[in-house]
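Asks: So that we are looking at the same thing, I have put the structure below in structure tokens.
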Amino acid sequence: MKIENKSVIISGASSGIGRAVALQLSKFSNRLWLVGRNQEALEEVAALVRKNGSVCEWSVTDVQDPVAVEESFQLFKEKFHSCDMLFLSAGFAELTNVEKLNFQFARAMMETNYFGCLHWILAALPEMQKRNQGIIAAVSALASYRGLPQGAFYGASKAALSNCLESLRIDLQRQGVQVSTILPAFVDTPMARKFDYAMPNVWSAEKAAKYIVKQIEKGKGEIAFPWSLLFLMKCVRALPEFIFDPLFTKISAEAHKKGNSLTR
Ligand SMILES: NC(=O)c1ccc[n+]([C@@H]2O[C@H](COP(=O)([O-])OP(=O)(O)OC[C@H]3O[C@@H](n4cnc5c(N)ncnc54)[C@H](OP(=O)(O)O)[C@@H]3O)[C@@H](O)[C@H]2O)c1
């Protein structure tokens, strides 16, 4: 189904993948509700969306706060009535340092990357079920396929999200609600640029957005890219412990030796 003349809520619309998806959808006369915390950035994206011919409003909302999400959803409904699609991209990533594990940090990552999506799903889903239509698309990560070095907290939050979406996809299909899990490897965004590791086959946010929208329109449940890293991660996922552990223990030791200022 072409995403045209639809009402779409986009979290994480102020930057990176969410911003690029907003701009991609703005070319097809959609009504976009942009969500993020950075008002200036949301205003900038909204101006570009309107220039492309779509209707647009923004809402400064922290996705960690369920009350704020519900309020934002009610305001959305006053303006645009019903929600045809949720595109949930709000998230953050940092590496985990096993020498100073920090519960607050683990919780914040879960609150944004997992519960932040759930808050929106809980707000918008009942009406989608009533109408027997709607799309829920959320950005997880290929890194959620396995426990990777320095990824304890980020990987866990994304694995929770991927697993939750997969279950919802199965249960909601008969009610006409499409659930798509987006699993990027590397996309060139402010978040990815913070890290100083190599990013093979990195895609631009624009290329990722075009691909994501096309695959959602095709009704795909899992949208993973690029193919080369999807294939690699599928192989890694299938590795038995006696191969996975020595291989990744070595990679972990090298990462530790190198150090990374973004580990917490
Ligand atoms: N880039 C990659 O290589 C890559 C790879 C795999 C998965 N991903 C996933 O893709 C998604 C988008 O990331 P990105 O690369 O586009 O990063 P980004 O450019 O840093 O964008 C992150 C977005 O999330 C929003 N956000 C973060 N915390 C929020 C909160 N508490 N409440 C509301 N909004 C919040 C930010 O908005 P404000 O600052 O305005 O709040 C921003 O719009 C993330 O879920 C990320 O985990 C990215």
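Bear in mind that the values in this text are calculations on the coordinates, not laboratory data. Nothing here was measured: the structure is a model prediction, and the numbers come from that model. Ideal geometry is used to build each Cβ from the backbone, glycine not excepted, and the neighbour counts take in all protein chains shown.
Asks: If I go through segment 96-139 residue by residue, how many of them are polar (S, T, N, Q) and more than 22 Å from G12 (Cβ to Cβ)?
Replies: Adding up the residues that qualify gives 5.
Asks: So which residues in segment 40-57 are more than 10 Å from the ligand (Cβ to nearest atom) and either assigned to a strand (DSSP E or B) or of a type in the set (A, V, I, L, M, F, W, C) (or both)?
Replies: A46, A47, L48, V49, V55, C56, E57
Asks: Before we move on, is K220 in a helix (DSSP H, G or I) and under 30 Å from V177 (Cβ atoms)?
Replies: Spelling it out, it is not the case that K220 is in a helix (DSSP H, G or I) and under 30 Å from V177 (Cβ atoms).
Asks: Another one. Test F80 against the stated conditions and say whether it is in contact (Cβ under 8 Å) with a residue 40 or more places away in the chain and within 15 Å of the ligand (Cβ to nearest atom).
Replies: no
Asks: Filter segment 12-33 down to the residues that are within 9 Å of the ligand (Cβ to nearest atom) and more than 16 Å from V213 (Cβ to Cβ), then identify the one that is surrounded by the most Cβ atoms within 10 Å (Cβ to Cβ).
Replies: S14
Asks: Checking the structure you have, find out if any residue of segment 89-112 is free of Cβ contacts under 8 Å to residues at least 60 places away in the same chain and of a type in the set (F, W, Y).
Replies: yes
Asks: Now a separate question. Test V98 against the stated conditions and say whether it is at negative phi, buried (at least 24 other Cβ atoms within 10 Å of the Cβ) and touching a His at 6+ places or on another chain (Cβ under 9 Å).
Replies: no
Asks: Quick check: anything in segment 183-192 touching a Lys or Arg at 6+ places or on another chain (Cβ under 7 Å) and either buried (at least 18 other Cβ atoms within 10 Å of the Cβ) or within 29 Å of W120 (Cα to Cα) (or both)?
Replies: Checked segment 183-192: no residue is touching a Lys or Arg at 6+ places or on another chain (Cβ under 7 Å) and either buried (at least 18 other Cβ atoms within 10 Å of the Cβ) or within 29 Å of W120 (Cα to Cα) (or both).
Asks: In segment 140-153, what residues are farther than 15 Å from L230 by Cβ and either near the ligand (Cβ under 7 Å from one of its atoms) or small (G, A, S) (or both)?
Replies: G147, G151, A152
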